[in-house]
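Here's the structure, in structure tokens; my notes come after.
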Amino acid sequence: MSLYGTMMKAMCLVGKSAVRSLEEMTKKPEETQEALLLSVLGENQDTEYGRKYGFSQIRSVRDYQERVPVREYDDFAPYIERMVKGEDGVLTNEHIEHYNKTSGTLGCAKYIPLSKKQLSVTGKYHALHTNSVIASQLGYGWNNGKGVNLMEGTAVVLESGATYGSASSVAVKSGPFKNMSSGIYTSPVEARRPAKGVITRYIHARFALQERNVTYVEATFSSIILEMFRYIEDHCEMLLRDIETGTIDGSVELPEDVRASLLAKLKPDPRRAEELRAAFAEGFGKPWAKRIWPGLQFIFSAGGANFSPYTEKLKKNILGDDVRIFYQGVSASEGMFSAVYRMDCVDSVLTPDGCFMEFRDAEDENAPCLTMDKLEKDKCYELIITNYSGLYRYRMHDVLRVTGFHNRTPLVQFEMRAGYAANIRGEKTSEAAVRNMVEETEKTLGIEVTDYSIYADTDAVPPAYVILMELRSRPEGVDNEAIRKCLKEKLIQANKNIAHHFEEGYLGDLQLALVQPETYLLYRDVMIMRGTSASQLKPVNVIRNEFQRKFFFGLRE
């Protein structure tokens, strides 16, 4: 076993204590949660925010809920602005050394404080707990190969000396094997810590393909993994030529210094190119990942309903049944909310020590906030958190569905962002309904959708929904009108409230607008050029702002 494999095995063994600890906490989640809350309040009672809301006088969860209001980011922004400039004792007594940059495209980027305590808890689950669970079900053999790690991120240094970047930039910079990364990951530093605006798609794919012994693929979202595999399918001849000759094709746009740095790491490998040609000769009509990497055992990415279409395409078209999936628990820049406890299961168990969590009925904003021991199976709740980094009763706008229980602690799946994908006339079309509409249309007509977006056109008379869609393939004879009619039929089935709005003319007929090939890749590239980390870019299934509207409508066929 390699040095890395030996160290990973040691980490997995240490991680058993994290698994046991979580198991015990799930038997009495309310006790762990209240102790966590009172500890956080006690440590920060003499901060400006703590004095304002009387943290020193709070003795219970009920006291806390009565004294401290539920807040949005904009409510915390004035405090955080002072912290970013170096002021301490505002929201937390800990000096914050890093601020997470959120991936949202609405408004200005946010600065989410990340305390050492929050980083420690998140790291415990992402590293120790995760690796121990994987080892318990796969053994240690997956440590003997390299991983295709598509996580990337960079951070800038603020005037105060703190750093500011995506959450993934912290993992890339300070992960447990940061000094051994070239020996454990296929992607070089030029892809994992890219210069601003560098499109890393080619780099990840090229260096992954030339490695024979890949045992896992990891990314923040399954959509990013699917994107890499599709890039390989669409550019396999170029990639194989480059591997064979040790060059980088002139069509690949890279800054000259990055190109030179990469070329210095490359050597011709005609033998590997020939192996790949033989593997690709069978085509891409059936799962092919194991043909190029026989030792591939699993992929690792976020689960939840929003990413299920991408995960299903990966399983059906690329991975097959022999490659396992380890879904990440629910987490965000603000904290760690749940952990996965077995392979191939999208359910994750809430982590009572991740942060203090409250839950409000997703259908009723005036409903009381509940603690995790009061939740009911099959109901959806909006998540409100108090973390170790100075956010108190903070609305995440994430909706979780309770799918069951592990001991006395809920099992959850990420369902959607709070609110509706569209709600023009009170029809309340959810993201789940839109997702179901597209998935069912694919199944019914046999088309394959690269990606899609819904837009509520309130300027039209009458107002109407527009579905923007990039097609990857369609059977002969399936025209655009057939797709549009099927989409409308499936939308009505997914949202019973919408039928009479169509019938009475309150909503105009559903419209379909096909966009040009690689439109969604281009959108990602534009956002990366604007400074967004590729690891944090989520699919744009709902057009929410004017920039997105102009971009996608401008690229209609």
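Tabulated data for the structure shown
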{"item": "Index of the failed condition, Asn179 passing every other in (1) at pLDDT 90 or above; (2) assigned to a helix (DSSP H, G or I); (3) not aromatic (Phe, Trp, Tyr)", "result": "(1)"}
{"item": "All positions within segment 431-449 that are among the β-branched types (Val, Ile, Thr) and at pLDDT 95 or above", "result": "Val438, Thr441, Thr444, Ile447, Val449"}
{"item": "Enumeration of residues in segment 162-176 that are modelled with pLDDT of 80 or more and not polar (S, T, N, Q)", "result": "Ala162, Tyr164, Gly165"}
{"item": "Search result, residues across segment 285-323 that are part of a loop (DSSP other than H, G, I, E, B) and either farther than 17 Å from Tyr231 by Cα or of a type in the set (A, V, I, L, M) (or both)", "result": "Pro294, Gly295, Leu296, Gln297, Gly303, Gly304, Gly320, Asp321, Asp322, Val323"}
{"item": "Total residues in segment 204-219, condition surrounded by 23 or more Cβ atoms within 10 Å (Cβ to Cβ) and among the β-branched types (Val, Ile, Thr)", "result": "1"}
{"item": "Test: residue in segment 513-525 that is at negative phi and in contact with a Ser or Thr (Cβ under 7 Å, 6 or more places away or on another chain)", "result": "yes"}
{"item": "Among the residues listed as Pro517, Pro539, Pro463, the single one being surrounded by 15 or more Cβ atoms within 10 Å (Cβ to Cβ) and more than 30 Å from Pro194 (Cα to Cα)", "result": "Pro463"}
{"item": "Failed item in (1) under 27 Å from Ala35 (Cβ atoms); (2) more than 20 Å from the chain's Cα centre (by Cα); (3) not charged (D, E, K, R), with Gln118 passing the rest", "result": "(2)"}
{"item": "Count of residues meeting criterion [among the charged types (D, E, K, R) and assigned to a helix (DSSP H, G or I)] in segment 210-255", "result": "8"}
{"item": "Residue match in segment 429-449 (condition: free of Cβ contacts under 8 Å to residues at least 60 places away in the same chain, among the acidic types (Asp, Glu) and out of contact with any helix residue (DSSP H, G or I) (no Cβ under 9 Å at 6 or more places or on another chain))", "result": "no"}
{"item": "Filter result for Gly50 (crowded, with 17+ Cβ neighbours inside 10 Å and touching a helix residue (DSSP H, G or I) at 6+ places or on another chain (Cβ under 9 Å))", "result": "yes"}
{"item": "Filter pass, Arg556 being out of contact with any Lys or Arg (no Cβ under 6 Å at 6 or more places or on another chain), surrounded by fewer than 16 Cβ atoms within 10 Å (Cβ to Cβ) and touching a residue at least 12 places away in the same chain (Cβ under 8 Å)", "result": "yes"}
{"item": "Residue count, segment 479-513 (criterion: more than 27 Å from Lys313 (Cβ to Cβ) and either touching a residue at least 40 places away in the same chain (Cβ under 8 Å) or out of contact with any helix residue (DSSP H, G or I) (no Cβ under 9 Å at 6 or more places or on another chain) (or both))", "result": "11"}
{"item": "Residue satisfying all of: in segment 358-393; among the hydrophobic types (A, V, I, L, M, F, W, C) and in a loop (DSSP other than H, G, I, E, B); surrounded by the most Cβ atoms within 10 Å (Cβ to Cβ) among these", "result": "Leu391"}
{"item": "Among (1) assigned to a helix (DSSP H, G or I); (2) modelled with pLDDT of 95 or more; (3) of a type in the set (A, V, I, L, M) - the single one Val90 does not satisfy", "result": "(1)"}
{"item": "Residue that is without any contact (Cβ under 8 Å) to a residue 60 or more places away in the chain and either closer than 21 Å to Ala302 by Cβ or among the β-branched types (Val, Ile, Thr) (or both), where the choices are Val189, Val198, Val258, Val217", "result": "Val189"}
{"item": "Given (1) at pLDDT 95 or above; (2) surrounded by 13 or more Cβ atoms within 10 Å (Cβ to Cβ), index of the condition Leu254 fails", "result": "(1)"}
{"item": "Filter result (assigned to a helix (DSSP H, G or I) and farther than 13 Å from Tyr49 by Cα) within segment 71-81", "result": "Tyr73, Asp74, Glu81"}
{"item": "Condition check for Glu476: closer than 22 Å to Lys313 by Cα, at pLDDT 90 or above and touching a helix residue (DSSP H, G or I) at 6+ places or on another chain (Cβ under 6 Å)", "result": "no"}
{"item": "Failed item, numbered, when Ser21 is tested on (1) at pLDDT 95 or above; (2) part of a helix (DSSP H, G or I)", "result": "(1)"}
{"item": "Of the criteria (1) under 21 Å from Val542 (Cβ atoms); (2) in a helix (DSSP H, G or I), which one Tyr420 fails", "result": "(2)"}
{"item": "Candidates Ile199, Ile224, Ile232, filtered to the one that is closer than 22 Å to Gly153 by Cβ, surrounded by 20 or more Cβ atoms within 10 Å (Cβ to Cβ) and not charged (D, E, K, R)", "result": "Ile224"}
{"item": "Out of Ala289, Ala339, Ala305, sole residue that is surrounded by fewer than 20 Cβ atoms within 10 Å (Cβ to Cβ) and in contact (Cβ under 8 Å) with a residue 12 or more places away in the chain", "result": "Ala305"}
{"item": "Residue count for segment 134-154, restricted to those that are aliphatic (A, V, I, L, M) and surrounded by fewer than 22 Cβ atoms within 10 Å (Cβ to Cβ)", "result": "2"}
{"item": "Sole exception among (1) crowded, with 17+ Cβ neighbours inside 10 Å; (2) part of a strand (DSSP E or B); (3) in contact with a helix residue (DSSP H, G or I) (Cβ under 9 Å, 6 or more places away or on another chain) for Ala456, by number", "result": "(3)"}
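The values are calculated or read from the model by the stated rules, or taken from the named source; none is laboratory data. Keep in mind that what you see is a predicted model, and the values were worked out from it rather than measured. Because the Cβ atoms are built from the backbone with ideal geometry, glycine has one as well, and the counts that use them run over all protein chains shown.
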